[in-house]
Every structure is written in structure tokens, then in C-alpha cells.
1. Pick from the range 89-118 the residues that are without any contact (Cβ under 8 Å) to a residue 40 or more places away in the chain and acidic (Asp, Glu): which of them is farthest from Pro157 (Cα to Cα)?
2. When the residues of the range 44-58 are narrowed to those that are out of contact with any Cys (no Cβ under 9 Å at 6 or more places or on another chain) and without any contact (Cβ under 8 Å) to a residue 60 or more places away in the chain, which ends up surrounded by the fewest Cβ atoms within 10 Å (Cβ to Cβ)?
3. Would you pick out the residues in the range 83-123 that are in contact with a helix residue (DSSP H, G or I) (Cβ under 6 Å, 6 or more places away or on another chain) and closer than 25 Å to Pro54 by Cα?
4. Here is a list: Phe30, Phe80. Which entry is at pLDDT 90 or above and assigned to a strand (DSSP E or B)?
5. With the condition kept exactly as written, say whether any residue in the range 73-96 is surrounded by 15 or more Cβ atoms within 10 Å (Cβ to Cβ), within 16 Å of Arg127 (Cα to Cα), out of contact with any Phe, Trp or Tyr (no Cβ under 9 Å at 6 or more places or on another chain) and acidic (Asp, Glu).
6. Suppose we filter Val122, Val102, Val156, Val97 for residues that are in contact with a Ser or Thr (Cβ under 9 Å, 6 or more places away or on another chain), modelled with pLDDT of 95 or more and farther than 18 Å from Phe30 by Cβ; which single one remains?
7. Are any residues in the range 33-56 assigned to a loop (DSSP other than H, G, I, E, B) and either on the phi < 0 side of the Ramachandran plot or aliphatic (A, V, I, L, M) (or both), and if so, which ones?
8. Mind counting the residues in the range 90-123 that are in a loop (DSSP other than H, G, I, E, B) and touching an Asp or Glu at 6+ places or on another chain (Cβ under 8 Å)?
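The values are calculated or read from the model by the stated rules, or taken from the named source; none is laboratory data. None of these values were measured; they are calculated from a predicted model. For neighbour counting, all protein chains shown are included, and Cβ atoms are generated from backbone atoms with ideal geometry for every residue, glycine included.
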Amino acid sequence: MSEENEMVTGIEAPIYLKYNFTAGAAAARFLAQVKKGVVTGQRCPKCKQVYIPPRGACAACGVPTKEEVVLADKATVQSFTIVSIPIPGNPIEPPFVVANLVPDGANISFIHLMSECDNADVHIGQRVQAVWKPQEEWDYAMDNIKYFKPLDEPDVPVEKIGKLPVTGLEG
């Protein structure tokens, strides 16, 4: 083929999509509490699992979850990954840690960033605490918590993650 008839094997075509999201009743209550600096979950009336963020229904049992539970802003690392590849549009420079964290008082994990640690030192069972943005910057968003940092507390054995006692944390 000549240059003027060269076969096209690919093109670059950036696409930007903007989404509007309606949180729904359970998530809206959750985000309203996060704006106040309070982390909440919902307990399933059947299996007693505490979900964060609340979903309005238990994924396992399919029943509505209405009981709000106040959770600590301390958690346990259930799993994690070290992100080494830049993510387009993400202001965080790699490498950084994203972890599945089980908050004290919950049985189900949620995803958040970890910082103030060497990435190589992050491990399953590690105890962490939320580092919040200044209160005047709080909005209806989970990023009111900038990240979680390690605590100087004993690790939680793998088989006990998500099974911590909930004493004193119910709201």
C-alpha cells in the first residue's frame, strides 16, 4: 500500500462523560452523617451484618435494612493493593495504597486510601484510623476522610476481621 492509502489500525479519540448520580434514601442519610463527621452503617435484621456504606437492603438476605449503626473511624485492613500505574485524572501520584477496610462495628469492608506509612509495611489485619479534612471543607462525600493511617495497635487475626465486638458503637 502506498502512503496515501495506508491502512488505519487505530485512532485516539478521548471521550469525557459526565454523570449525575442520585444517592437514594440509605446513601443520602449516610452522606448527610459523613458531612457531620459521623460514619454510619445499616444492620440487616435477619443476618445482623452491618453494611457500609448502607445500601437500604441486605445483599445476602434481600431484606430492607433500616437500623442505623454509628461506626468508629477506626478500621482493620482486610485486603489492599499498591497502585503503581498513574490513573488519568487522578491527582494522587503513584505508588499509593488502596485498601478494603472493615470499620469497627461493621462486618463488611469499604474501599479507601491509606497514607502516612511505607507502602511495603501495609498488611492484612493492620489497624488504621481516619484522617479527616478540616471540618470547614466537609461536604456530602466520603472524601471528607482524606485517608487512613496506621495505628500503633496489635493486628487483628485474619479469621477475626469483620467479627470485632460492636460494644458501645451502636447509634
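1. Step by step, filter the range 89-118, then rank; the result is Glu93.
2. Across the range 44-58, the extreme among qualifying residues is Lys48.
3. If the condition is that a residue be in contact with a helix residue (DSSP H, G or I) (Cβ under 6 Å, 6 or more places away or on another chain) and closer than 25 Å to Pro54 by Cα, then Val97 is the only one that fits.
4. One residue alone meets the criteria, Phe80.
5. no
6. Answer to the check: Val97.
7. Lys36, Val38, Cys44, Pro45, Lys46, Cys47, Gln49, Ile52, Pro53, Pro54, Arg55
8. Count: 2.
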